[in-house]
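Chemist: Handing you this structure, nothing more for now.
Taken together, the values in this text are just the output of simple stated rules run on the coordinates, not laboratory data. Remember, predicted model here, so these are calculated numbers, not experimental data. Virtual Cβ from ideal backbone geometry, glycine too; neighbours counted across all protein chains shown.
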Amino acid sequence: MISDKPDEFTWPTAPQPPIAVSDAIRRACTADLVPRAPHNAFKRTLVSIVSSGAIFAIMLTVGWMRHPPKAAMLYALLGAAAWGVTQGFVLYVSHGKPPGRRGSKSLRWAALFVVPTAFLLHLAVTSGSVLSFHEFLVAPRSLHSTFVCGIHSLLFGALASVVLFVLWRRTDPFCPKLTGALTGLAGGMVGAIALDMTCANDEGWHLWLGHGLTLVAFVFAGWFAGRRWLSP
Amino acid sequence: MTDLTLEELMLAYVAGDALSFDQLYRRMAPQLFAYLVRLTRDRPRAEDLLQVTFAKLHRARSSYITGAPLLPWVLAIARRSFLDERRAAKSRNEDLSSDGALPEPKLEDDKGASDTAEAVDVALNRLPEAYREAIQLTKVVGLSLIEAAKVLDTTPTAVKLRVHRGYELLRAELQHLHRLSA
C-alpha cells in the first residue's frame, strides 16, 4: 500500500459478480480437472539450459565432422563455453525466478541490447579479413555461402527457440514481449554460436550477415512470439 | 482451508482440487470484477472479461510457476484480455447510433451521488484510464506499488506519479460533484 499518502476518500467496496456468471465460471473451471505437477522456475531454467546445450552440442558435432575447428580445439571449446555461460545468464535473467518476482527490468533490457552487440563485436574481432561490400557481393559464391550459413543458423536457432517457448508457454502475463525477445535471443544464440564455431569462412561481411543478423532476427521474432505464446 | 494463501490454493487447484478453486474464486473474483468494471466502465463487458480471465487461468494453470504472486498474475491476465478485446473492437465495424455517432461506454449516473463512496465511485470513473487503473489497483484492490507496477508493465515510480495525479483530479472532481448535488 502507499503509506505516505493518507486515505482521505472512502473507497467503494468491490462489487460481487452476478451469481449466474459465478456459477458458469465455477462449472467451466472445475469440469475437467486433471492433477498436474507444479512448476519451479529454477528447475525449468536448468532444463532450458540443458536442452539448448544438447542442440548446441549436436550442431557443433555435425559441423566439426564436416569442417574441423578453425582455431585450436581448446580455444574453440573455451569460446563455446564462454558463450554458453552468456546464454545461461540470458536464460537466468529472463526466466530464473517466477514471473512477478523477476529482478530489474533494466537488467533484462540491457541484456537484450548488450548480448547481440557483444556477439557482433566478437564477430568483427574474430574475422580474418573484411572485403569492401562491393567486393563481397561480386566474390564467387560469397552470397551463396552466406545464405547457406544463415539458413543453418535459422534452422538450429528456431529449433532451440521452439523448445524454449514450449517450456515457458503461457507463463508470463506481465511482460511477455520482453521475455519473448530474451527467449528468442537465447534460442538464436544456439544456432549463431554453434555456426560461428564450425563455419570455415571468416570474412567479415559473411560473419555479420550470415551469422550475426540471424541473432538479431531471433530477438525481433521472439518479441512478437512472446505476446502470443508466453502470455496466458 | 481459509488460512491458506492464494498461491497455496492455486497449487492445490493445479493438483486437481476443485474446492480450492472455489476458495480462490471467492477471494479473487470481487477484486477482479471491481478492477474490470473500473477498466471497462460497463458491467456486461466486465462480466464477459471476468469469464475470459478465469478461462485463461484454467487453461494456463499447469503453466503457473510456483512462487509467482497470484493476484497480480491474474490481474495482469485480466488487463491483457481487456486490451485484446479493445483492440479487436477497434478493428470491428461498430453499430452507429441514429445520429451517426459512435456509441460511448455508459457512465454511471452521477445524479444524487451523495454517499461518499458512491461519489468517489462516480468521480473515479471520470478519471483518465491510466490514473483510474493505478488508483484502483493500489487503493481498492490493495496491491503494493511494486505489484501494481508489474500488472501495469511500468515502474513503481510511474505508478506513484499516476496515483498522485489521479488524487489531484479526484479531489477536483469530487468538489465539482459536491457543488452539483448541493
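Chemist: Could you give the alpha-carbon Rg of chain B over 2.2 N^0.38 Å, rounded to two decimals?
Modeler: Here the Cα radius of gyration is 1.14 times the empirical estimate.
Chemist: Taking the beta-carbon count within 10 Å as an exposure proxy, list B:53, B:154 from fewest neighbours to most. Let's see the in-between values first.
Modeler: On the way: B:53 27, B:154 17.
Listing B:53, B:154 from fewest to most nearby Cβ atoms yields B:154, B:53.
Chemist: Among the listed pairs B:56/B:150; A:97/A:177; A:177/B:56; B:90/B:160; A:105/B:150, give every one whose C-alpha distance is greater than 21 Å. The partial results should precede the final answer.
Modeler: Values: B:56/B:150 19 Å; A:97/A:177 17 Å; A:177/B:56 18 Å; B:90/B:160 30 Å; A:105/B:150 10 Å.
Where the Cα-Cα span goes over 21 Å, the pairs concerned are B:90/B:160.
Chemist: So what is the relative contact order of the range A:39-229, in percent, for Cα pairs below 8 Å that sit 6 or more residues apart?
Modeler: Averaging sequence separation for qualifying contacts and normalising by length gives 33 percent for the range A:39-229.
Chemist: If R₀ is 51 angstrom, what is the calculated FRET efficiency for the pair residue A:43 and residue B:85, using the beta carbon separation as r and rounding to 0.05?
Modeler: For residue A:43 and residue B:85, the calculated efficiency is 0.90.
Chemist: To continue, here is another question. Provide the three semi-axes, in whole Å and in decreasing order, of the ellipsoid equivalent to the range A:39-229 as defined by the square roots of 5 times the Cα gyration tensor eigenvalues.
Modeler: Values: eigenvalues 177, 58, 40 Å².
Over the Cα atoms of the range A:39-229, the semi-axes work out to 30, 17, 14 Å.
Chemist: Roughly how tilted is helix B:70-91, in degrees to the nearest 10 and between 0 and 90, from the longest Cα axis of chain B?
Modeler: Here the helix axis deviates by roughly 50 degrees.
Chemist: Pairs of alpha-carbon atoms within less than 8 angstrom and 6+ residues apart define the contacts here; what relative contact order does chain B have, in percent?
Modeler: With pairs under 8 Å counted, the relative contact order is 22 percent.
Chemist: Of all chymotrypsin sites (Phe, Trp or Tyr not before Pro) in the range A:136-232, which ones are in loop regions per DSSP and have a Cβ with at most 10 other Cβ atoms within 10 Å?
Modeler: none
Chemist: Turning to a different aspect of this structure: Could you put A:113, A:89, A:9 in order, starting from the residue whose Cβ has the fewest other Cβ atoms within 10 Å?
Modeler: A:113, A:89, A:9
Chemist: While we're here: Taking only complete DSSP H runs, can you tell me which helices of chain A stretch 30 Å or more along their own long axis by Cα positions and average at least 0.5 on the Kyte-Doolittle scale?
Modeler: Long hydrophobic helices here: A:41-66, A:73-95, A:105-126, A:142-167, A:176-198.
Chemist: Quick one: pull the percentage of alpha-carbon pairs in the protein assembly as shown with a separation above 41 Å.
Modeler: 31
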